[in-house]
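Each value in this text was obtained by applying a stated rule to the coordinates, not by laboratory testing. Here the structure is a predicted model, which means the values were calculated and not measured. A quick note on method: Cβ atoms are made from the backbone with ideal geometry, for glycine too, and the neighbour counts reach across all protein chains shown.
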Amino acid sequence: MKKILTFTMSLKQSQWEVERVVEEAKKRGIEVERALYRDVQFSMINDQLSKILVGGEEIGPENTMGVWFRVAGTKSGKYTEGRNLLIRSLQNRVFCCNARGYLNWARMGKIAQHGVFVEEGIPVVSTRIFYTKESIINSIGEIEREWGWPIIAKHERGYQGKSVRKFDNREEMLKWLGKMDEKNLGMFLWQKFLPGGWDIRVIVIDGKAIGAMKRSAKKGEFRSNFSLGGEVERWELSEEEKELAEKVARVCGLDYGGVDIMKSQKNPSESPLDRGDVSFILEVNRQCQFQGFEKATGINVAAKVVEMMIEKSRRSGS
């Protein structure tokens, strides 16, 4: 019996998501093996990658239905390189989820994403990127006139709302800037703040938007992430939102991912039937968690991941 192989950095990482996939796969008589990136070994002889071992066992189309990756990031990038080497050697024989996206962008941070979005005509919040403190200071007046306050700064590799800062005035911004090491400045995106306190998370699987949830920030917080205590509820996608999310997943080479959409309207309507607002893509998450999503929507994401693996395996004949 072929198995689904999942990779994580540690046993704790994505524990809830992996356990849900294990649960749904078991219902279908499929085993899910959880592996750590550090357990992978590659054997190369002459011009061939002759073996890929995980925990001492060789993997290939004979025993593996598909591979599902969770975050592989390290400062050195050793596991992202290992993940991509594994994909290159398996992708024509075993379905590797998000293979095209990983191979095109080993680390698809927010800056790389914005470059892709702009190239593909996908709407984004007004954004600037600077590499020196002097260039920011010289641009503050222009930014004030164009955007007003508050202004958002977010680290290009931040996640779950971490490392996102909101500046309500010039003094706050300059105080924070004064403490920053300039060599790290180019890792931040500076953006116009959109009021509202909520956004939409859409999950796309195998090219289809399966549903969405509305994430609302808790009192006193401007970030709406579920992990930061944000409230979540089901959101009925409009056709425009559905098509936009599916386009983002397609251009980013994702079989599975979460697409975050924000609205520009100052006083967004609570009703999904009244849509006079404009959608902006905040970011795409290639390994998005889905505990809050399943809670809010009642959609069985884990089952759809397993079903995608089964269908992809059938299509490839592996």
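Some values worked out for this structure:
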item	result
Residue-count net charge about Gly55 - beta-carbon cut-off 9 Å; Lys, Arg +1, Asp, Glu -1	-3
Neighbourhood net charge (12 Å Cβ-Cβ; Lys/Arg +1, Asp/Glu -1) for Leu11	+2
DSSP-defined beta bridges in the stretch 3-103 - what % are antiparallel, rounded to 5	40 percent
Exposure proxy order (Cβ contacts within 10 Å, fewest to most) of Phe69, Phe193, Phe280	Phe193, Phe280, Phe69
Local electrostatic count at Leu36 - Lys and Arg +1, Asp and Glu -1, tallied over other residues with Cβ under 14 Å	+3
Proxy reagent accessibility, fewest Cβ within 10 Å first, across Arg100, Arg286, Arg201	Arg100, Arg286, Arg201
Links that overshoot a 24 Å alpha carbon limit, given the list Lys110/Lys295; Lys12/Lys75; Lys110/Lys133; Lys75/Lys214; Lys78/Lys304	Lys110/Lys295; Lys75/Lys214; Lys78/Lys304
Whole-angstrom gap from the stretch 288-312 to the stretch 1-46, using each part's C-alpha centre	16 Å
Helix-only CD estimate at 222 nm, as mean residue ellipticity for the chain, using -39500 (n - 2.57) per DSSP H run (n ≥ 4)	-10000 deg cm²/dmol
